Amino acid sequence: MCVADVLADLDRWLRGELVAINTALDDIYFAARTDVIVGRPEVDRLKQQLLRDGEALMARLSGVPLPDNDRDAYALLGMIGHYLASSQRHEAAPPPHTASRETAWAVAQRLGSRLGVAPRHVFAHHALFNAARGGRIRAFTALDDEQIFIKFNALGVLAYRRAANALREVASMGVSNRAAAYALDDATTALKDVLRFNQELSEQLDVDRFFFNIRPYYKPHRVGSQTYRGSNGGDFAAINEVDVLLGLCRIDDPFYQAVVHEKTPFVPPDDLPAMRTLDRQPSLLSCFLDESAAHGVTPAWRDNARRLIAACRAHGAGSAYHHNRLVKPFLEAPARVANTTHSAGVTSSGPELAEVIAGLQRLVDLRTARQRDGINTAAARLAELQELSAAPIYAS
């Protein structure tokens, strides 16, 4: 059996028959304004077809060598996860006395263990490991809203990566280096792009389609004996690098440290080194304050300090918009009134929704440097930098 043939058949099924089954089921759910239906014969027949066809492909896959190249192996993990996430989304129950999904679990666990990541589909598989065919990327359904959701979240990922790359250059060059102005401006432009992409997503995405037909594919599911939390559009290292490099978040903050620790298994393999070395990244905010204390406020320092403040504001604006105009209206608000028959109720990716919303609000407070009781934000240090950048030029 040729591995290339098996992978080609799996890819065709994911882009063809699986999309047709998922879309047919989601149209039924949408008409009923619920997120899943259990016990209707015509619905259950589609679910059983999904399981049967998928497991046949998984059985073929288990009999061929897995890719040697880590990137190809990671892409394959996403393809297997695509099937598993679809099965879980529909709460498709395998017939009694079958091994449905166990073969897929075994292959996914082998790949996840080898790569050091969670053995499930994550958003990187949609955003970055998803070759377009005829202008259309691999998705769960044929719904235009899903394509919109993937597109703008992927663009946000690329913008955050651009910002992180630029801020790393500043750390290496020194904050009073005149050439660092270019990198700081580049970071600010990229972070403004994040806001712009979030705005376009908010305008183009239908709330009900997201809530009933897109969100459920990103819920937790089991692989073997362990349940892994759902996929999240922010599961990349770049946004955390931006947090830490700007000086808005600190890795020695127990809350933020827990966020990073929980997220690490769900980022792509290439992002793992950055996640594991966040504690070694400098805070540019601290670098600016230390430089002014040691050498005074020089023209280059002042110009660059103003640019850092602009980057911080852009990052905070993108974070606040995402929370207030995407998370709240697309997830929190409909969850209050929507009919859900998911066995786990309404979650975003794992924990109870109220817990998720509270944690996200705390991240927004950190990223916007908002003064808030009980939270150690960068507000005072950012205000000090603002005051110094407006002061007359002086040398120490």
In segment 357-388, which residue that is charged (D, E, K, R), out of contact with any helix residue (DSSP H, G or I) (no Cβ under 9 Å at 6 or more places or on another chain) and at pLDDT 95 or above is farthest from Ile309 (Cα to Cα)?
Asp365
In segment 179-215, residue nearest to Thr368 (Cα to Cα) [restricted to those that are in contact (Cβ under 8 Å) with a residue 40 or more places away in the chain and among the acidic types (Asp, Glu)]
Asp185
Helices (runs of 4 or more DSSP H) wholly inside segment 1-83 that include at least 1 residues being touching a Ser or Thr at 6+ places or on another chain (Cβ under 6 Å):
17-32, 41-61
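Kindly indicate whether any position in segment 275-296 is closer than 20 Å to Ala127 by Cβ, in a helix (DSSP H, G or I) and either in the same structural domain as Ala179 (by TED's automatic domain parsing) or touching a residue at least 60 places away in the same chain (Cβ under 8 Å) (or both).
Within segment 275-296, one or more residues are closer than 20 Å to Ala127 by Cβ, in a helix (DSSP H, G or I) and either in the same structural domain as Ala179 (by TED's automatic domain parsing) or touching a residue at least 60 places away in the same chain (Cβ under 8 Å) (or both).
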Among (1) surrounded by fewer than 23 Cβ atoms within 10 Å (Cβ to Cβ); (2) touching a Lys or Arg at 6+ places or on another chain (Cβ under 8 Å); (3) within 30 Å of Asp206 (Cα to Cα); (4) at pLDDT 95 or above, where does Ala142 come up short?
(2)
Of all helices (runs of 4 or more DSSP H) completely enclosed by segment 180-268, which ones contain at least 3 residues that are surrounded by fewer than 23 Cβ atoms within 10 Å (Cβ to Cβ)?
180-204, 254-263
Going residue by residue through segment 171-188, is there one that turns out to be charged (D, E, K, R), touching a Lys or Arg at 6+ places or on another chain (Cβ under 9 Å) and at pLDDT 95 or above?
yes
Hey, among Val122, Val175, which residue is surrounded by 24 or more Cβ atoms within 10 Å (Cβ to Cβ), among the aliphatic types (A, V, I, L, M) and out of contact with any Cys (no Cβ under 8 Å at 6 or more places or on another chain)?
Val122
For the subset of segment 298-316 comprising residues that are within 24 Å of the chain's Cα centre (by Cα) and either in contact (Cβ under 8 Å) with a residue 40 or more places away in the chain or crowded, with 24+ Cβ neighbours inside 10 Å (or both), which member is nearest to Tyr182 (Cα to Cα)?
Ala311
Which one of these is farther than 15 Å from Ile214 by Cα and touching a Phe, Trp or Tyr at 6+ places or on another chain (Cβ under 6 Å): Ala56, Ala75, Ala32?
Ala75
Unique residue being aliphatic (A, V, I, L, M) and surrounded by fewer than 18 Cβ atoms within 10 Å (Cβ to Cβ) when the list is Ala132, Ala166
Ala132
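Looking at segment 336-346, is at least one residue modelled with pLDDT under 95, crowded, with 18+ Cβ neighbours inside 10 Å and in contact with a helix residue (DSSP H, G or I) (Cβ under 8 Å, 6 or more places away or on another chain)?
Yes: segment 336-346 contains one or more residues that are modelled with pLDDT under 95, crowded, with 18+ Cβ neighbours inside 10 Å and in contact with a helix residue (DSSP H, G or I) (Cβ under 8 Å, 6 or more places away or on another chain).
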Unmet requirement for Asp9, which otherwise passes all of (1) closer than 25 Å to Arg136 by Cα; (2) touching a Phe, Trp or Tyr at 6+ places or on another chain (Cβ under 8 Å)
(2)
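The values are calculated or read from the model by the stated rules, or taken from the named source; none is laboratory data. All values derive from a computational prediction rather than experimental measurement. A quick note on method: Cβ atoms are made from the backbone with ideal geometry, for glycine too, and the neighbour counts reach across all protein chains shown.
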